[in-house]
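Shown next, in structure tokens, is the structure this report addresses.
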Amino acid sequence: MATVDTPTTSTTARRKVGRLSVTISYAILALVAFVVVFAGVLAPFDPNKQDLNAILLPMSGEHWLGTDDLGRDVFSRMLHGTRVSVLAALLAVALSVVIGLPFGIAAGWLGGVTDLIIMRIVDAVMSFPAIVLAIGITATMGPDIITAMISVGIVMSPAILRLARAQTMAIRSETYIEAATSFGARGLRRMVVPHVIPNIIQPILVQVAVLMGFALIAEASLSFLQLGVQPPTASWGAVLSRSYTFLDQAPMQIFIPGIAIASTVFAFNIIGDEIQRLLDPKRK
């Protein structure tokens, strides 16, 4: 007899698939974190050492991922590139939080002219596509990984700012806020820090996880265009750029950084949803 899927069975199957994706995401991020810390120990070769007698070698026991057009070991460059890409993405996300969170709280809490001025600036920034604006800022200030990720942090900050503003406006009229005010709580230290930030941080953390994925893609895009890391420094975007240039001679090498970027972005997005599930009592 044919088995009929009941709603309970299908829900259980979806939950199993969801938990599997979360487990895989944790494993990917744990591996990435391990590589970031121990890249220098794990790399079998100097990532910048050239060997013109070993140009574009295929995968082998000596060179696990082959060599690039300058004879550099791709596996070693990917390991060191992981550290550069992840730390650059962390810099961009941290900057977006430093800019977006306080200004978002100020706009939502104070309202009036303060809210109007801040939101008009945000609208001006968001009127440009984020990656295009980041490219423009980086090209103007000069190609450099720090400059590139500062520009990415600036263009990502409206996402944090708008979310913080909306959450602050939502809790401003809550009973516990009115009670704290009636007991004399005033100013940043007595009101915002103990009462506002703890109650708006959950969606901010989710947004941070999502922005980490965007920052990794932005770093890869800018480095691919040679506006991020500069030679001979390795990053996922830089390795992807070199692989693309010699796609016809070594077609497999372009998949290596692409898979690394895609899987890590996937993991951050899944973990973002998992953070929301863990912190949101409505989804428990």
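Bear in mind that the values in this text are calculations on the coordinates, not laboratory data. All values derive from a computational prediction rather than experimental measurement. All Cβ positions, even for glycine, are placed from backbone atoms using ideal geometry, and neighbour counts span all protein chains on display.
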Any chance you could check the Cα centroid distance between the stretch 200-247 and the stretch 68-145 for me, in angstrom? 11
Helix 197-224: angle to the longest alpha-carbon principal axis of the chain, degrees 0 to 90, nearest 10? 30
Rg/Rh over Cα atoms for the stretch 44-87, Kirkwood Rh, comes to 0.99
Treat each spin label as a single point 7 Å out from the Cα along the C-beta direction, and report the LEU70 to GLN50 distance in nm. 0.6
Using a Gaussian network model on the chain with a 10 Å cutoff between Cα atoms, which of ARG242, ARG15, ARG72 fluctuates the most? ARG15
Across GLY18, GLY228, GLY237, the residue with the highest GNM fluctuation in the chain (Cα network, 10 Å cutoff) is GLY18
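Can you check how the C-alpha radius of gyration of the stretch 1-123 compares to 2.2 N^0.38 Å, as a plain ratio?
Values: Rg = 24.4 Å, N = 123, 2.2 N^0.38 = 13.7 Å.
For the stretch 1-123, the normalised Cα radius of gyration is 1.78.
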Helix 130-141 sits at what angle to the longest principal axis of the chain, using alpha carbons and giving 0 to 90 degrees rounded to 10? 70
What does the C-alpha gyration tensor say about the overall shape of the chain? Classify as rounded when a/c is under 1.5, otherwise prolate if a/b is larger than b/c, or oblate. oblate
Multiplying the sequence separation of PHE246 and GLU62 by 0.36 nm and subtracting their Cα-Cα distance, what value in nm do you get? 64.1 nm
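Sorted by average packing, counted as other Cβ atoms within 10 angstrom per residue and highest first, what order do 136-149, 49-62 take?
In descending order of packing, they fall as 136-149, 49-62.
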What translational diffusion coefficient, in µm²/s and rounded to a whole number, does the Stokes-Einstein relation yield for the stretch 234-284 at 25 °C and a viscosity of 0.890 mPa s, taking the hydrodynamic radius as the Kirkwood radius over Cα pairs? 191
Once both axes come from the Cα atoms, what is the angle between helix 145-171 and the longest principal axis of the chain, in degrees from 0 to 90, rounded to 10? 30
